[in-house]
Amino acid sequence: MPLHAVFGDLTGSASEQVVSILRAVRRHLAMDVGFISEFVAGDRVFRFSDAGTAHSPVAIGDHAPLDRSFCYYVAKGLIPGLLHDAAEDPVAAGLAATRDLPVGAHLSVPLRHRDGEVYGTLCCFSFTPDRSLTTRDLGILRLCADLVEAILRTDRDAAREREGRRRRIADAVAAEAVEMVFQPIYRTADGSLSAFEALARFAPVPGMGPDAWFAQAAEVGLGEELEFLALRKALRAFPDLPAGVRLSVNLSPAALVSPRLAKMLADAPLDRLVVELTEHAAVASYEALRDGLGPLRSRGLGLAIDDVGAGHATLRHVLDLAPEIIKLDMSLIRAIDIHSGRRALTEALTGYGRRIGCEIVAEGVETAAEYAVLRGIGVTRVQGFLTGRPMPLREAAVLPPYGPAALGG
């Protein structure tokens with residue numbers, strides 16, 4: 001690992017932990033100054049500092065040649081890790097810092113990579129000599145250095161993982177490595193085909209489904225890129241889908257307020273397009289979301305709130321955004337024929353949806369018994385393995401206008 005990378009990309013949380021450890025050990029040892037240095041390209045650079053006075057003589061970012069620093073000589077074993085009085089050590093006495101700071105008592109331990117290579121030091125010193133310090137005090141400093149090393153390693157490992165995710169997402173976007181599948185949605189009134197939901201599929205990665213791809217893309221700043229790639233591919237399906245059938249796509253609040261959205265939808269048949277908003281990402285401003293969607297909705301774009309019933313955020317979405325469609329989360333639908341609580345909540349949400357003029361879609365319908373209950377409650381649309389799994393466009397394009405026998409009246 002390049003030495004300059006040790007502290008350069010440290011996260012705020014890790015930095016706070018390191019500062020807390022440095023402050024605690026300096027106070028415990030009753031030293032005037034504590035600091036952590038890094039060895040970079042032949043220099044000693046101060047990365048963290050804590051002092052018992054208002055103005056520390058050690059300034060973060062200051063650097064000097066290694067061979068003029070205590071850090072270098074301690075790391076090389078040429079100065080003891082514990083000095084009761086720096087002026088009494090022949091090497092330390094010859095360093096300008098001993099006189100200029102001044103340095104009286106001094107404790108220092110190296111910071112090492114996993115392979116043992118030294119990349120810096122954790123040090124504490126006082127302006128005056130201190131004969132009370134013992135090897136036990138040096139051991140406490142070593143323990144604190146071990147904690148700092150562990151924090152840095154964990155942070156670096158996390159940074160590598162983030163970078164790996166960023167590269168994976170960026171490569172997928174560059175190669176347009178996402179395929180869209182289409183799950184049918186049927187009307188309960190007559191079993192006719194109403195819409196398809198476009199769902200993204202990616203190259204298999206262990207433990208990483210589509211939701212994880214989009215979540216990780218958002219974490220590394222590529223969420224919009226990946227969402228719009230999926231949207232672009234979904235929109236290409238329109239010419240092949242049955243006439244009059246709508247297409248539903250999933251977009252985050254950030255994508256819905258992006259200036260890019262209107263450009264992407266400029267030539268789309270908005271009267272056949274529905275965007276689904278879930279609670280997986282927070283809405284920063286409902287006003288901004290309404291303003292952004294307003295012109296598109298006035299041209300026919302439909303809005304659906306997904307996963308309703310899974311959490312409180314989706315209910316806020318319904319209240320503040322006045323969607324045309326409410327999609328009930330599959331957690332409500334599962335075994336609704338034998339679960340009275342789920343049935344009661346579904347009845348309440350369906351009744352509310354009817355009163356405000358929404359279509360109600362039940363997701364995750366898997367059994368005829370579930371479907372019978374939902375139809376009886378008044379759910380107007382169903383989607384799930386009972387009526388059709390997600391399928392390639394070539395299969396969706398030739399799907400009959402009426403659904404399977406399970407939808408029979």
Within segment 376-396, identify whether any single residue is in contact with a Ser or Thr (Cβ under 8 Å, 6 or more places away or on another chain), assigned to a helix (DSSP H, G or I), touching a residue at least 12 places away in the same chain (Cβ under 8 Å) and not basic (Lys, Arg), and answer yes or no. yes
Only unsatisfied item for Asp50, checking (1) farther than 20 Å from Leu138 by Cβ; (2) of a type in the set (D, E, K, R); (3) crowded, with 21+ Cβ neighbours inside 10 Å, is (1)
Return yes when Ala24 is of a type outside the set (D, E, K, R) and surrounded by fewer than 21 Cβ atoms within 10 Å (Cβ to Cβ) and no when it is not. yes
Residue set Arg342, Arg334, Arg394; condition assigned by TED's automatic domain parsing to the domain that holds Thr314 and surrounded by 18 or more Cβ atoms within 10 Å (Cβ to Cβ); output residue Arg342
With respect to Leu273, determine if the residue is surrounded by 20 or more Cβ atoms within 10 Å (Cβ to Cβ) and over 20 Å from the mean Cα position of the chain (by Cα). yes
Condition test on Arg68, is it at pLDDT below 95, charged (D, E, K, R) and over 40 Å from the mean Cα position of the chain (by Cα)? yes
Any idea which residue in segment 211-246 is nearest to Pro269 (Cα to Cα), counting only those that are of a type outside the set (A, V, I, L, M, F, W, C) and within 14 Å of the chain's Cα centre (by Cα)? Glu224
Would you mind finding the one in Ala200, Ala215, Ala254 that is modelled with pLDDT of 95 or more and surrounded by 13 or more Cβ atoms within 10 Å (Cβ to Cβ)? Ala200
Confirm whether Arg165 is basic (Lys, Arg) and either under 30 Å from Tyr73 (Cβ atoms) or in contact with a strand residue (DSSP E or B) (Cβ under 6 Å, 6 or more places away or on another chain) (or both). no
Condition (residue is in a helix (DSSP H, G or I), small (Gly, Ala, Ser) and closer than 17 Å to Leu147 by Cα) applied to segment 24-43: is it met by at least one residue? yes
Could you go through segment 241-255 and let me know if any residue there is under 24 Å from Val373 (Cα atoms) and assigned to a loop (DSSP other than H, G, I, E, B). no
Which one of these does Ala396 not meet: (1) at negative phi; (2) modelled with pLDDT under 95? (2)
Output yes when any residue across segment 283-304 is in contact with a Gly (Cβ under 7 Å, 6 or more places away or on another chain) and either of a type in the set (Ser, Thr, Tyr) or in contact (Cβ under 8 Å) with a residue 12 or more places away in the chain (or both), and no when none is. no
Considering segment 239-269 alone, what residues qualify as being closer than 18 Å to Glu227 by Cα, touching a Leu at 6+ places or on another chain (Cβ under 8 Å) and of a type in the set (A, V, I, L, M, F, W, C)? Leu247, Val249, Leu251, Ala255, Leu256, Val257, Leu261, Ala262, Met264, Leu265, Ala268
Scan segment 356-375 for residues that are assigned to a loop (DSSP other than H, G, I, E, B) and not hydroxyl-bearing (Ser, Thr, Tyr) and jot them down. Ile356, Gly357, Cys358, Glu363, Gly364, Val365, Glu366
Within segment 93-135, restricting to residues that are over 33 Å from the mean Cα position of the chain (by Cα) and among the aromatic types (Phe, Trp, Tyr), the one that is farthest from Glu149 (Cα to Cα) is Phe127
Would you mind finding the one in Ser108, Ser49, Ser56 that is in contact with a strand residue (DSSP E or B) (Cβ under 7 Å, 6 or more places away or on another chain) and modelled with pLDDT under 90? Ser56
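The values are calculated or read from the model by the stated rules, or taken from the named source; none is laboratory data. If you're wondering where the values come from, they're calculated on a predicted model, not measured in any experiment. So basically every Cβ, Gly included, is an ideal-geometry build from the backbone, and we count neighbours across all protein chains shown.
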